[in-house]
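One structure, pasted below without further comment.
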Amino acid sequence: MKTKNKDKIRMSAILIVSLFVIATGTLFSLTSFMKGDIAGGVAGVFIAITILVFAIFVFIRGNRDMKKGFPLHDERSRKVLEKASSKAFYVSLYLLLAIGFLSDDLIKFRDVSQATGIAVGVMAILFAVFWAYYNRMEI
Amino acid sequence: MKTRIKEFRAKYNFTQEDLARKVGVRRETILFLEKGKYNPSLKLAHDVARALKTTIDELFIFEKRK
C-alpha cells in the first residue's frame, strides 16, 4: 500500500515536471522565433516534442503497471536508471566541452541561456537514448 | 548465468506476471532473469527461489569462468 502511494506521488511528480519542461521548451521556441532565431526555435520544438513523447510513454507505462499491481520501480529498473544517467552525464561532459569550444567560431548562440537550454535538452535526449539501450541490454 | 525459472514456473503453473507480483518486481525483470540477462541481487534471487519453493542453487546455474 505504501509503495502504491509512493508510486502515485512519483507519477504525479513526473507529470508535473514534464509539463514544466514542455512549457519552458515551448516558451524558449516562441521567444527564439520572435527574435528571428529559426535554428534555436526549431531546436526548442524538437526538444519539447521529444520530452513530451518520452513523458507520455513513461506515464502510460506507469499507469498500466500500477493498475496491474506492479511497482513503478524495482531493482532492475533502478539499475537501468543509474547506468543511463551516469552514462548520459559522462557523455554530456564532452558535449559541454564541445559547445564551449565551438561557441566562439562555428556555432553562434543567441545568448548563454540558449546554449544552456540546448545543452540541457541534448542531455535529456542522451538520457532517453541510454535508458532505451540499457533497458534492452544485459545488466 | 543460466536459470531454471521458466521450468519451475511451469511446474507451479505461474505466469511471469504471477511470479513478478509474488516477488514484488516488474514483469520485465522476470523476463530478463529467465533469459539470463540480469544478475539479480542476493535478496531477489532468494525471493524468487522462495516463491518457486526451491533454492538459489537449484534455480541459478553459474557457468565456470574459462
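Tell me which residues, restricted to region A:58-88, are more than 14 Å from chain B (Cβ to nearest Cβ), free of Cβ contacts under 8 Å to residues at least 40 places away in the same chain and under 20 Å from A:Ser18 (Cβ atoms).
Of everything in region A:58-88, just one residue is more than 14 Å from chain B (Cβ to nearest Cβ), free of Cβ contacts under 8 Å to residues at least 40 places away in the same chain and under 20 Å from A:Ser18 (Cβ atoms), namely A:Ile60.
Moving on. Please enumerate the residues belonging to region A:25-45 that are within 15 Å of the chain's Cα centre (by Cα) and modelled with pLDDT of 80 or more. Break it down stepwise before answering.
Step one: list which residues in region A:25-45 are within 15 Å of the chain's Cα centre (by Cα), which gives A:25-26, A:43-45.
Hits for region A:25-45 are A:Thr26, A:Val45.
Additional query: When you go through (1) small (Gly, Ala, Ser); (2) free of Cβ contacts under 8 Å to residues at least 12 places away in the same chain; (3) under 29 Å from A:Phe33 (Cα atoms) one by one for A:Ser103, which number turns out not to apply?
(2)
Quick check: is even one residue across region B:8-25 surrounded by 13 or more Cβ atoms within 10 Å (Cβ to Cβ), more than 11 Å from every other protein chain (Cβ to nearest Cβ) and farther than 21 Å from A:Gly69 by Cα?
Among the residues of region B:8-25, at least one is surrounded by 13 or more Cβ atoms within 10 Å (Cβ to Cβ), more than 11 Å from every other protein chain (Cβ to nearest Cβ) and farther than 21 Å from A:Gly69 by Cα, which makes the answer yes.
Give me the helices (runs of 4 or more DSSP H) completely within region A:1-112, filtered to those with at least 3 residues that are on the phi < 0 side of the Ramachandran plot and of a type in the set (Ser, Thr, Tyr), ordered by residue number.
Working: elements: A:2-34, A:38-68, A:75-102.
Hits in region A:1-112: A:2-34, A:75-102.
I'm told B:Arg4 meets every condition in (1) over 23 Å from A:Lys68 (Cα atoms); (2) within 14 Å of chain A (Cβ to nearest Cβ) except one. Can you identify the failing condition by its number?
(2)
Out of the residues in region B:32-59 meeting the condition of being aliphatic (A, V, I, L, M) and more than 10 Å from chain A (Cβ to nearest Cβ), tell me which one is surrounded by the most Cβ atoms within 10 Å (Cβ to Cβ).
B:Val48
The values are calculated or read from the model by the stated rules, or taken from the named source; none is laboratory data. From a predicted model like this one, the values you see are computed outputs, not experimental measurements. Reconstructed Cβ throughout: ideal geometry from the backbone, glycine too, with neighbour counts over all protein chains shown.
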